[in-house]
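Colleague: Okay, here's the structure, questions in a sec.
The values are calculated or read from the model by the stated rules, or taken from the named source; none is laboratory data. What you see is a predicted model, and the numbers here were worked out from it, not measured in a lab. Note that each Cβ is placed from the backbone with ideal geometry, even for glycine, and that neighbours are counted across all protein chains shown.
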Amino acid sequence: MPVIELSTIINAPIEKCFDIARDIDVHVASTAHTGERAIAGRSGLIELGETVTWRAKHFGVWQNLTSKITAMDRPHSFTDVMVSGAFKSFTHDHYFTGISGQTVMKDRFEFESPFGWLGRLANNLFLTRYMANLLEQRNQVIKQVAEKIPCPFRN
């Protein structure tokens, strides 16, 4: 299974970064190029045990994906897990460490593609890179919102 690990330094307090990272509207802004929107479940700040269903276009195909917050230790971490969707499975761990008014935000995204060896081939050819780029873009939007930098992805 592919694992993507990212680290982003944000010039904002840990509590602010934690809340922005679980804000449904910020997530939608960070994926605007896919037309992603929340079609069911929670809006605002997602909490432990809550779900959200997303609809987005990836690789020219509209897809739905439902994820659930399965763990939360405010403001240090939370985990979302795919309940249903195009992947065979995924787990996205979000970690936050406050250091002198800054926050180190770390992502660990582990996923498994369907279709056996074809899915593994897709992972190697393009899917891991595609997912890493989506997460990087999301993290830059979180950083921009937290630091109040004008964000090209947000209205």
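Colleague: If you scan the stretch 54-88, which residues turn out to be modelled with pLDDT under 95 and either more than 13 Å from Thr34 (Cβ to Cβ) or in a loop (DSSP other than H, G, I, E, B) (or both)?
Modeller: Phe59, Gly60, Gly85, Ala86, Phe87, Lys88
Colleague: For Asp25, are the conditions met, namely being surrounded by 13 or more Cβ atoms within 10 Å (Cβ to Cβ) and out of contact with any helix residue (DSSP H, G or I) (no Cβ under 9 Å at 6 or more places or on another chain)? Working first, answer last.
Modeller: Numbers: surrounded by 13 or more Cβ atoms within 10 Å (Cβ to Cβ): yes; out of contact with any helix residue (DSSP H, G or I) (no Cβ under 9 Å at 6 or more places or on another chain): yes.
Against the criterion (surrounded by 13 or more Cβ atoms within 10 Å (Cβ to Cβ) and out of contact with any helix residue (DSSP H, G or I) (no Cβ under 9 Å at 6 or more places or on another chain)), Asp25 qualifies.
Colleague: Quick one: which residue in Lys88, Lys16, Lys106 is charged (D, E, K, R), under 16 Å from Glu136 (Cα atoms) and in contact (Cβ under 8 Å) with a residue 24 or more places away in the chain?
Modeller: Numbers: Lys88 fails: under 16 Å from Glu136 (Cα atoms); Lys16 fails: under 16 Å from Glu136 (Cα atoms).
Result: Lys106 is the single residue among Lys88, Lys16, Lys106 that is charged (D, E, K, R), under 16 Å from Glu136 (Cα atoms) and in contact (Cβ under 8 Å) with a residue 24 or more places away in the chain.
Colleague: Does the stretch 72-105 hold any residues that are surrounded by 16 or more Cβ atoms within 10 Å (Cβ to Cβ) and of a type in the set (D, E, K, R), and which are they?
Modeller: Those that are surrounded by 16 or more Cβ atoms within 10 Å (Cβ to Cβ) and of a type in the set (D, E, K, R): Asp80, Asp93.
Residues checked against (1) surrounded by 19 or more Cβ atoms within 10 Å (Cβ to Cβ); (2) out of contact with any Leu (no Cβ under 8 Å at 6 or more places or on another chain); (3) more than 22 Å from Ser84 (Cα to Cα); (4) at pLDDT 95 or above:
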position: Phe109; (1), (2), (3), (4): yes, no, no, yes
position: Ser113; (1), (2), (3), (4): yes, no, no, no
position: Arg120; (1), (2), (3), (4): no, yes, no, no
position: Asn123; (1), (2), (3), (4): no, yes, no, no
position: Leu127; (1), (2), (3), (4): yes, yes, no, no
position: Ala132; (1), (2), (3), (4): no, no, no, yes
position: Leu135; (1), (2), (3), (4): no, no, no, yes
position: Asn139; (1), (2), (3), (4): yes, no, yes, yes
position: Gln144; (1), (2), (3), (4): yes, yes, yes, no
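Colleague: Another one. Could you check the stretch 3-38 and list, in sequence order, the residues that are within 12 Å of the chain's Cα centre (by Cα), modelled with pLDDT of 95 or more and part of a loop (DSSP other than H, G, I, E, B)?
Modeller: Passing the criteria: only Arg22.
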